[in-house]
Amino acid sequence: MREWFFNKKLESTFLVSLDPRLPKWVNNLTRLEHGTFGQLPESVALTTEIASLPGFDWKAEATRILIQRHRDAYEAIRKNWLWSFSIAERVESLAKRYQGQFAFDPTALKHEFDLSISLAEFIHHNHVPISQLTRKPGTAVPAHLLAFSALLLFVNAWDMKRAVDDFVTISASLGQAENDLGNLIGLNPFHDYKAWEKLKQLQVANLNVPLDVDLLTERQSLVQELQAHYHVKHTRDIGRPVVA
């Protein structure tokens, strides 16, 4: 199994060139969308009269401008699901470590990964002794269960029915589950798979990190510029501007 996966990885590689700052920037731009509630419609330009409204939300207006400023990237992110909230730091770390080097292309194992995830999810959902040991609801499939599922599929030529049948047989024989399924195998062929998959996806998207990489600072600067432009002398804590 080790040799099979190793050779499979050697067959498909790509040159890592992703800007390590991109995963975080993409996530922050995605999160900005939550700050657009109650904003001006895109077809309406901000005026002094609108800015004079009691309680006018400057942050929402700055967010609207930011999204318009990065419209192409924003649309590409939404269309291709480029955010990587839970694995962003790992993607950044891999991009730094392997920058300018050839690495395994995760798409070469997508079929096998999808099968292994499907089997692991089935086992977790339908076998209480394992589900009680492996994870809480809503969390990712643990590495040892994924490795165990990959082994079942590998020895059955990636035939799902045969793999499920083997698991049923093994389960009946063991009776009790142990929390070291993966340790018996000594190999998780999909280590960092999701992080590599997201790295490759971001790289193919060919997005450029702007000079103002800190979106929150950029938004705050926009708020200040807008208030200065519309002659706001003071903004109360509740967000009500006083316009000269």
Exercise for review: Exactly one condition in (1) within 30 Å of S93 (Cβ to Cβ); (2) at pLDDT 95 or above; (3) of a type in the set (D, E, K, R) is not met by D180; state its number.
Suggested key: (2)
Point to revise | Candidate set from segment 186-242 (those that are β-branched (V, I, T) and at pLDDT 90 or above); member that is surrounded by the most Cβ atoms within 10 Å (Cβ to Cβ) | key: V223
Practice item. Could you please tell me which pairs satisfy a Cβ distance under 6 Å, a separation of 6+ or placement on different chains, a first residue in segment 75-102 that is assigned by TED's automatic domain parsing to the domain that holds W25 and surrounded by 18 or more Cβ atoms within 10 Å (Cβ to Cβ), and a second residue that is assigned to a loop (DSSP other than H, G, I, E, B) and not basic (K, R)? Key: V91/S84; E92/P20; A95/L18; A95/P20
Review point. Where in segment 1-59 are the helices (runs of 4 or more DSSP H), entirely inside, with at least 1 residues that are more than 18 Å from the chain's Cα centre (by Cα), modelled with pLDDT under 85 and over 23 Å from H70 (Cα atoms)?
Key: 2-10
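The values are calculated or read from the model by the stated rules, or taken from the named source; none is laboratory data. It should be emphasised that the depicted structure is a prediction, and the values quoted were computed from it without experimental measurement. Glycine also receives a Cβ, built like all others from the backbone with ideal geometry; neighbour counts cover every protein chain displayed.
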